[in-house]
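See structure below.
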Amino acid sequence: MASEDMYRKLIALLDERGATYRVIEHEPEGVTEAVSRLRGHDPGQAAKCMVVMVKVGKKVTRYAAAVIPGDKRVDFARMKALYGGTYAGFAPKEVAEELAGTPVGTIPPFSFDERLPLFVDPELFRHDELFFNAARFDRTIALATEDYRSIARPRAERIAQP
């Protein structure tokens, strides 16, 4: 799925569910700290989404979308423990983009692929509004946190570290 298709799919989902959101247009940017400055909010309000690969034994590899505050890093040890795995790290770029349906750096904090369970660090829920790249480097969605929780239905787990 192309970025533009994923962007339209995301907007359609938010509209269909009556979400409170706004689209912010800005210069193309995929780095959380830089785009947070462009959008005018604290990086901790950014919902940064990455695809994590977890090896479970020698023959099984599982993936997850890990959503963390923009000023944190993924706790790979925690992701590994959640799956009972032996290794956790970033998924290869090609795999991440296939599962997310959009380029790395634009992955929204939603999953549209059953092979990609969605985990979110509950620290993000302390904000009334979340900001994330909307499957494009030049578009951000500012979404009411409660709408995010009810629409995305992520699994809340402490998966971020400083």
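Every number in this text was worked out from the coordinates using simple rules, so none of it is lab data. Values in this document were obtained by computation on a predicted structure and should not be read as measured data. Here Cβ is always computed from backbone atoms with ideal geometry, including for glycine, and neighbour counts include all displayed protein chains.
Which value, to two decimals, describes the C-alpha radius of gyration of region 1-93 once divided by 2.2 N^0.38 Å? Please report the intermediate quantities before stating the final value.
Details: Rg = 16.2 Å, N = 93, 2.2 N^0.38 = 12.3 Å.
Output field value: 1.31.
A simple spin-label model places pseudo-atoms 7 Å from Cα toward Cβ; at Ala2 and Val104 they are separated by 2.3 nm.
Per residue, what volume in Å³ does the Cα convex hull of the chain take up? Working shown, then result.
Numbers: hull volume 16.0 nm³, N = 162.
Expressed per residue, the convex hull around the Cα atoms of the chain is 99 Å³.
Apply the Debye scattering formula to region 72-118, with a single equal point scatterer on each alpha-carbon and no solvent, then give log10 I(q)/I(0) at q = 0.21 Å⁻¹. Taking Cα atoms of region 72-118 as identical point scatterers yields -0.84. Computed over region 53-136, the convex hull of the alpha-carbon atoms projects to a mean area of 5.7 nm².
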